[in-house]
1. Quick one: Debye curve from the alpha-carbon atoms of region 235-318 only, equal weights, vacuum; give me log10 I(q)/I(0) at q = 0.16, 0.26, 0.27 Å⁻¹ to two decimals.
2. Within a 10 angstrom radius of the beta carbon, how do 50, 117 rank from fewest other beta carbons to most?
3. Over the chain, calculate the relative contact order: mean separation of alpha carbon pairs under 8 Å at least 6 apart, over the residue count, as a percent.
4. On the Cα set of region 226-275, report Rg and Dmax in Å, please.
5. Could you please tell me the mean projected area of the C-alpha convex hull for region 92-151, averaged over all directions and given in square nanometres to one decimal?
6. Just grab the label-to-label distance for residue 177 and residue 256, each label 7 Å out from Cα along the Cβ direction, in nm (one decimal).
7. Just need the relative contact order of region 168-301 here, percent rounded to a whole number, with Cα pairs under 8 Å and 6+ apart.
8. Could you tell me which of the pairs 151/272; 96/151; 143/204 are separated by over 26 angstrom between their Cα atoms in the structure shown?
Amino acid sequence: MSLKPKVIRILKKVLLGPTDLPPACDLGLPHPQREIEVWLHGLGAPRDVTRRHSVACPAPFTICIGLDHERKIFDAKQRLSLRFFESGGQRQLLGKIGLRLSATIATDGPELYLCRTISCANHCLPRARMYAHYLLLDYQRWKNRARIGMKLSSLDCRCNAAMFICPRPVVLVSLLQGDRGSIFPMNLMGPVGGGHFAFALNCKKQAASLVEQLGEVALSNVPFESISSVRQLAGNHNRQSIDWDQLPFATTKSSVFGIPVPAFALRVTELKIHTVRPLGSHTLFVARIVKEEVRVDASEFCMVHGLYQAWRQANVDSCQQAASNSVTLPV
């Protein structure tokens, strides 16, 4: 090993200590996750949007929030924020993202508000340790700029770390029409209320154009034990069609569209796309939920940012308390 990597490794150990974790950490959690609550502030009384928001685009970082029949409730001049609280313990504020309205999308249910991020604060770690992590994030962003394939700002990276304070499921997306179809993993998504669902796909990958062309997809929540099978399919983002017989698992068909889905799927959500909106590095898809079928009740594969995982490891009791909470959040 050359001197430079050794120096970097030593500096990371000194500056980050026990919080030197990978940016993306895997978790197995019940559905829906109950560790983190997400609240919208700035529109009078705070609003619980834990089950009504999604990442709409990573660069520039944009968030989609669904609110019921509340047209013109705010405009670009209002200062809003999305705040992330632990569900148990002292309900500690772990993160805050400042927002500014950039566009709206009408549906036959909720009004969807697309908000650009204008600031970010992360409270998962003490300030000095957090600044060290921010320096590392900026270094990794610069080092991996060619591989990432999108122009990420420092704010974009910090907002991504804050958004993944809230555990986010990783699903397999299936679609098939004639001889065209694919199955690939995804985690930039979420329900936005009123039977609607939003998700984002890299506009440079084949998966985005395929979803736009076919218009019907099935999302499969997967058990934590199937992580390796899910990761094997990452390359399918760059394919318009696959050989279904070569998948590393058996499949069954979804109830409505008859799309192949993993036999181990915990739940299958079938979606009909009705809005496609290019936003930057990614394309936002908004869909109506046609059917949601629960097949097995078990812990599902989720991901969080390493900053939140470091907080979790230091606050085991709070996480266990949140996990034992049996209240299901409204859709």
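No value in this document is a laboratory result; all are computed from the given coordinates. Note that the structure is predicted; figures quoted are calculated from it, not measured. A quick note on method: Cβ atoms are made from the backbone with ideal geometry, for glycine too, and the neighbour counts reach across all protein chains shown.
1. -0.99, -1.24, -1.26
2. Working: 50 20, 117 24.
Ordered by Cβ neighbours within 10 Å, fewest first: 50, 117.
3. Values: 734 pairs, mean separation 77.4, N = 331.
Relative CO of the chain lands at 23 percent.
4. 12.0, 32
5. Values: hull surface 26.1 nm².
Directional mean of the projected Cα hull area for region 92-151 stands at 6.5 nm².
6. Going from the residue 177 label point to the residue 256 one covers 1.6 nm.
7. On the way: 297 pairs, mean separation 41.4, N = 134.
Across region 168-301, relative contact order equals 31 percent.
8. The answer is 151/272.
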